[in-house]
Amino acid sequence: MLTRLGFATAALDAKLLTGHALGLDMLALATRENEPMDAGSAARVAELIQRRMSGESVARIIGEREFYGLAFALNAATLEPRPDTELLVDLALDALPQRGRILDLGTGTGCIPIALLANRTDATGLAVDIDPQALAIARQNADRHDIGGRLDFALGDWFAPIPDYETFDLVVSNPPYIPSAVIDTLAPEVKAFDPLRALDGGPDGLGPYRVIAADAGRFLKTGGLVLLEIGFDQGAEVSALLDAHGFADVAVHKDLAGLDRVISAHHMSN
Ligand SMILES: C[S@@+](CC[C@H](N)C(=O)[O-])C[C@H]1O[C@@H](n2cnc3c(N)ncnc32)[C@H](O)[C@@H]1O
């Protein structure tokens, strides 16, 4: 059915969903594929395939997605972590000093700081999100990957919940960056299942970057780095915002597809 409806990865989707419905991994699924299925199991598989047919992603149905080699639980308040964002983690790992501390704004599943801290056991961080459900799943993911003690969480609007005395070596963010008017034109399955708050960057898509460019300097150590994921066409505008707020070495980094994906900039003095 998925093939007939034109799903590009129909066979893989069906295997993943069947395995999930039956509690079997890929190997068990392959070795037991000729066994008959009881009616209850068949109904569970059919229900998941039906959800996929209505456009829900396999990751949402299964409730987790892999990022930077780690599995992250999702919920209705979080976007799925995407491979594009792994570039930001690569750059952050290169830049983080010994015993460095990072601030992640709009943490969602917590995928960015958890991937960082899982790879750097000397590092600590603070993860902020405005959505309590997102923070709850981020906490759960941090515990799952054993970095719970090194990552703090704060609920609120960008920098608002962060104490004034706190400073960081790195401020990172993959903020919502889609212009509000473009949201209406997104594929129905994106609009139906992805949380609006994680997508909508305001009238021109740059609202969160304005806040971050204006305030990141207050929370960065001298020489600290800001690393921001951007939309493929936002490099010039976000660079200009960071320039205007006195950041140095503003640089745009391309992803594997050759698209502008991350901006980095240094904070030179307070
Ligand atoms: C594009 S998602 C990124 C999630 C995650 N960092 C990732 O890369 O998968 C943006 C996140 O920003 C959060 N967010 C939106 N507005 C916010 C605000 N005013 N203050 C803090 N977080 C906000 C959303 O709840 C969402 O989790």
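May I ask you to list the lysines whose Cα is less than 27 Å away from that of Lys221, ignoring any residue fewer than eight positions away on the same chain?
Once the sequence-local lysines are set aside, what remains near Lys221 is Lys254.
Under the rule of at least 5 residues apart or a separate chain, name every residue whose amide H is placed under 5 Å from the amide H of Val262.
Residues meeting the amide H criterion: Ile230, His253.
Please give the contour-minus-distance gain from Arg99 to Arg4: 0.36 nm per residue of separation, less the Cα-Cα distance, rounded to one decimal in nm. Working shown, then result.
Values: separation 95, 0.36 × 95 = 34.20 nm, distance 5.30 nm.
Additional length available on full extension: 28.9 nm.
Does the range 119-270 classify as rounded, prolate or oblate by the C-alpha gyration tensor (a ≥ b ≥ c root eigenvalues; a/c under 1.5 gives rounded; else a/b over b/c gives prolate, otherwise oblate)? Display every interim value, and only then the final one.
Details: a/c = 1.61, a/b = 1.07, b/c = 1.50.
In terms of gyration-tensor shape, oblate.
Can you work out ³J(HN,Hα) from phi for every residue in the range 29-42, in order, using Karplus 6.51 cos²θ - 1.76 cosθ + 1.60 and θ = phi - 60°, giving whole Hz and x for Gly and Pro?
Listing the rounded values in order: 5, 5, 6, 10, 5, 8, 6, x, 10, 6, 4, x, 5, 4 Hz.
Rounded to the nearest 10 Å², what accessible area does Asp94 show when all protein chains are kept and the probe is 1.4 Å?
130
Decide, for the range 10-62, between rounded, prolate and oblate: order the square roots of the alpha carbon gyration tensor eigenvalues as a ≥ b ≥ c, take rounded if a/c falls under 1.5, and otherwise choose prolate if a/b is larger than b/c, else oblate.
On the way: a/c = 2.17, a/b = 1.43, b/c = 1.52.
It comes out oblate by the Cα gyration axes.
Give me the Debye-computed log₁₀ of I(q)/I(0) at q = 0.08, 0.17 Å⁻¹ for the chain, equal point scatterers on Cα only, no solvent, two decimals.
One equal scatterer on each Cα of the chain leads to -0.37, -1.33.
If you count only protein heavy atoms with a 1.4 Å probe, what accessible area per residue comes out for the range 203-263, rounded to a whole Å²?
On a per-residue basis, the range 203-263 sits at 44 Å².
Percent of Cα-Cα pairs per 10 Å bin, from 0 to the last occupied bin, for the range 53-209, please list those.
Pairs per bin, as whole percents: 11, 41, 36, 11, 1, 0.
Carbon and sulfur together cover what percent of the accessible area of the chain at a 1.4 Å probe radius?
Details: 7030 of 12890 Å².
Using a 1.4 Å probe with all protein chains present, the chain comes out at 54 percent carbon and sulfur.
Would you please give the residues with an amide H less than 5 Å from that of Glu66, counting only those at least 5 places away or on a separate chain, with H modeled from the backbone geometry?
Residues meeting the amide H criterion: Phe72.
Restricting to bridges with both residues inside the chain, how much of the DSSP beta-bridge set is antiparallel, in percent to the nearest 5?
Working: 14 of 34 bridges.
Around 40 percent antiparallel, to the nearest 5.
For the range 195-211, what does the Karplus curve 6.51 cos²θ - 1.76 cosθ + 1.60, with θ = phi - 60°, yield as ³J(HN,Hα) per residue in whole Hz, taken in order and with x for Gly and Pro?
Each residue of the range 195-211 in turn: x, 4, 4, 8, 10, 7, x, x, x, 10, x, 10, x, x, 5, 4, 5 Hz.
Across the range 15-26, in residue order, what do the Karplus-derived ³J(HN,Hα) couplings come to in whole Hz, using 6.51 cos²θ - 1.76 cosθ + 1.60 with θ = phi - 60° and x for Gly and Pro?
Each residue's phi maps through the Karplus curve to give 5, 4, 6, 5, x, 5, 4, 9, x, 10, 7, 4 Hz.
Cα centroids of the range 72-128 and the range 136-163: how far apart, whole angstrom?
Centre-to-centre distance over Cα atoms comes out at 10 Å.
The values are calculated or read from the model by the stated rules, or taken from the named source; none is laboratory data. Remember, it's a predicted structure, so these values are computed and weren't measured experimentally. Just the protein is used for accessible areas: all its heavy atoms, side chains included, with ligands, DNA and RNA removed. Shrake-Rupley method; radii C 1.70, N 1.55, O 1.52, S 1.80 Å.
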